Amino acid sequence: MTGPRLSPRPGASHARILGVGAYRPARVVTNDEICEYIDSSDEWIRERSGIITRHFAAEDETVVDMAAAASEKALASAGVRADEIDTVIVSTVTHLSQTPSASAELAFRLGTKTPAAFDIGAACAGFSYGLAVAQDLIRGGSAKHVLLVGVEKLSDLTDPTDRGIAFIFGDGAGAMVIGPSDIPAIGPVVWGSDGAQADAIMQDVSWLALRDDPTHKFPSLRMSGPQVFRWAVYEMSKAAKDAIDAAGMTADELDVFIPHQANMRITDAMIKQMGLSDRVVVARDIADTGNTSAASIPLAMGRLLEEGQIQSGDTALLIGFGAGLVYSAQVVVVP
Amino acid sequence: MADQQEILSGLAEIVNEVAGVPVDNVQLDKAFTDDLDIDSLSMVEVVVAAEEKFGVKIPDDDVKDLRTVGDAVSYIQQAGS
């Protein structure tokens, strides 16, 4: 072939997670406090969701504040300096000042040089999406060290009087540093979307509708619980199995299962549906962190590591799923 | 197609498996929520298991109309006929 020839940039053979960091805001919110605004009870909430407490950020605490706290820990755990990060990816649906991105502000705040920085919006699947993108950037030669953060301040988009959702969400941030590896340590991603179910989880009032009719109440997230449960348990179990297959493994070889912490009932039903062995360590961080959307997977992995329930070198199946609907799963090696 | 009694006993097994309700308690006049303490998420598990067992489709929009065990049995009978 004739014509101009461009030089390709070689990438790393493989990528791996180098470190994990977690941040939970100081304020712990009990089910009793949630029940001050809805007709429910601690017992009802525990039975329906497995949630006992969650954390809410302070009013003046931003998603970038939380992201920075988690990122500092992830960098320390990875042994990577901020100035070695050449790409920053933030997954969030609650950075309510839309422009500029949370990632560019975060990158500056951390003292990185001038890395590529962008936000992604894939709701509760966002962290797994970001991991797939980070791995491909590293293997494609566009990045060497990626800082990936899932952060949410869902308390800003929660209607405390909505009985179906007020108890579900929490705030927090989880971060990972991803870098080059000699051996495969992030499996192929299995991901997709189902826009036909866009109404299953959505913001109830658009920003434009609020502009045009200021009598609207401030927007909040709405969810059709049974519809999401059905999709999450039965369709996501298939996606989870596909991700294990894609990694060339069998379910018996898996050490850890870290699903998005949507609802303990979904996690339990998925385990049953997938026929996972009792030997597999299962993340149950939702009990005292709530559902933190994009932040839930790194927060859960961070906790399992801190508590010594999992070790470096274990294989963990990650699966995120949420508003879109969108989903994403891959097997990773625990750093 | 299964008759009413066969569907009832099949459904009773499912409700027992999902929610631990004794099979004898699953009678046509029993309400899933008020009598058998099946919440909306357990109901999804019951419905999906029933779909598989009886080879029918029960969309989410129809599930909320299935108040009693009898409603579910009739629905499955009609959907399968």
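The values are calculated or read from the model by the stated rules, or taken from the named source; none is laboratory data. Computed from a prediction, not measured in an experiment: that's the story for all the values here. Positions of Cβ are generated from backbone atoms using ideal geometry, with glycine treated the same way; all protein chains shown enter the neighbour counts.
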* To do: Kindly indicate whether any position in the stretch B:46-55 is outside any loop (DSSP other than H, G, I, E, B), in contact with a helix residue (DSSP H, G or I) (Cβ under 6 Å, 6 or more places away or on another chain) and modelled with pLDDT under 90.
  => no
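Quick one: which residue in A:A269, A:A239, A:A251 is in contact (Cβ under 8 Å) with a residue 60 or more places away in the chain and either out of contact with any helix residue (DSSP H, G or I) (no Cβ under 7 Å at 6 or more places or on another chain) or of a type outside the set (S, T, N, Q) (or both)? Working first, answer last.
Details: A:A269 fails: in contact (Cβ under 8 Å) with a residue 60 or more places away in the chain; A:A251 fails: in contact (Cβ under 8 Å) with a residue 60 or more places away in the chain.
Answer to the selection: A:A239.
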* To do: Could you check the stretch A:1-89 for strands (runs of 3 or more DSSP E) lying wholly inside it with 3 or more residues that are surrounded by fewer than 17 Cβ atoms within 10 Å (Cβ to Cβ) and either under 23 Å from the mean Cα position of the chain (by Cα) or more than 14 Å from chain B (Cβ to nearest Cβ) (or both)?
  => A:27-30
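Scan the stretch A:263-276 for residues that are more than 17 Å from A:I165 (Cα to Cα) and assigned to a helix (DSSP H, G or I) and jot them down.
A:T267, A:D268, A:A269, A:M270, A:I271, A:K272, A:Q273, A:M274
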* List the pairs whose first member sits in the stretch A:75-92 and is farther than 26 Å from A:S293 by Cβ, whose second member is among the aromatic types (F, W, Y) and assigned to a helix (DSSP H, G or I), and whose Cβ atoms are under 7 Å apart, counting only residues at least 6 apart or on separate chains? -> none
* **Count of the stretch B:46-56 residues which are more than 18 Å from A:V228 (Cα to Cα) and free of Cβ contacts under 8 Å to residues at least 40 places away in the same chain** => 3
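In the stretch B:54-62, is there at least one residue being among the β-branched types (V, I, T) and within 21 Å of A:D268 (Cβ to Cβ)?
Step one: of the stretch B:54-62, the residues among the β-branched types (V, I, T) are B:56, B:58.
Filter once more, keeping what is within 21 Å of A:D268 (Cβ to Cβ): none.
No: zero hits.
The rows are residues; the columns are (1) modelled with pLDDT of 95 or more; (2) touching a Phe, Trp or Tyr at 6+ places or on another chain (Cβ under 6 Å); (3) within 21 Å of A:S155 (Cα to Cα).
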site	(1), (2), (3)
A:R9	no, no, no
A:A15	yes, no, no
A:D39	no, no, yes
A:W44	no, no, yes
A:A68	yes, no, yes
A:E72	yes, no, no
A:T94	yes, no, yes
A:L106	yes, no, yes
* Criterion: within 26 Å of B:L41 (Cα to Cα), at pLDDT below 95, charged (D, E, K, R) and assigned by TED's automatic domain parsing to the domain that holds A:S71 - qualifying residue of A:D199, A:D162 -> A:D162
* To do: Find the residue count for the stretch B:43-65, including only residues that are away from every other protein chain (no Cβ under 12 Å) and under 10 Å from the mean Cα position of the chain (by Cα).
  => 1
* Structure fact -> The residue from A:A246, A:A329 that alone is buried (at least 19 other Cβ atoms within 10 Å of the Cβ), modelled with pLDDT of 95 or more, under 20 Å from A:G187 (Cβ atoms) and among the small types (G, A, S) is A:A329
* Structure fact -> Counting only residues in the stretch B:25-42 that are within 14 Å of chain A (Cβ to nearest Cβ) and in a helix (DSSP H, G or I), the one farthest from A:A200 (Cα to Cα) is identified as B:S42
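Let's see how each residue does on (1) surrounded by 15 or more Cβ atoms within 10 Å (Cβ to Cβ); (2) in contact with a Pro (Cβ under 7 Å, 6 or more places away or on another chain); (3) more than 22 Å from A:S224 (Cβ to Cβ); (4) touching a residue at least 12 places away in the same chain (Cβ under 8 Å):
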{"site": "B:Q5", "(1), (2), (3), (4)": "no, no, yes, no"}
{"site": "B:T33", "(1), (2), (3), (4)": "no, no, no, yes"}
{"site": "B:L36", "(1), (2), (3), (4)": "yes, no, yes, yes"}
{"site": "B:I58", "(1), (2), (3), (4)": "yes, no, no, yes"}
{"site": "B:D65", "(1), (2), (3), (4)": "no, no, no, no"}
{"site": "B:D71", "(1), (2), (3), (4)": "yes, no, no, no"}
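For residues in the stretch B:10-22 being aliphatic (A, V, I, L, M) and under 17 Å from B:I76 (Cβ atoms), which is farthest from the other protein chains (Cβ to nearest Cβ)?
Residues of the stretch B:10-22 that are aliphatic (A, V, I, L, M), as a first pass: B:11-12, B:14-15, B:18-19, B:21.
Of the ones still in play, those that are also under 17 Å from B:I76 (Cβ atoms) are B:11-12, B:14-15, B:18.
On the way: B:L11: 18, B:A12: 20, B:I14: 14, B:V15: 15, B:V18: 9 Å.
The residue in question is B:A12.
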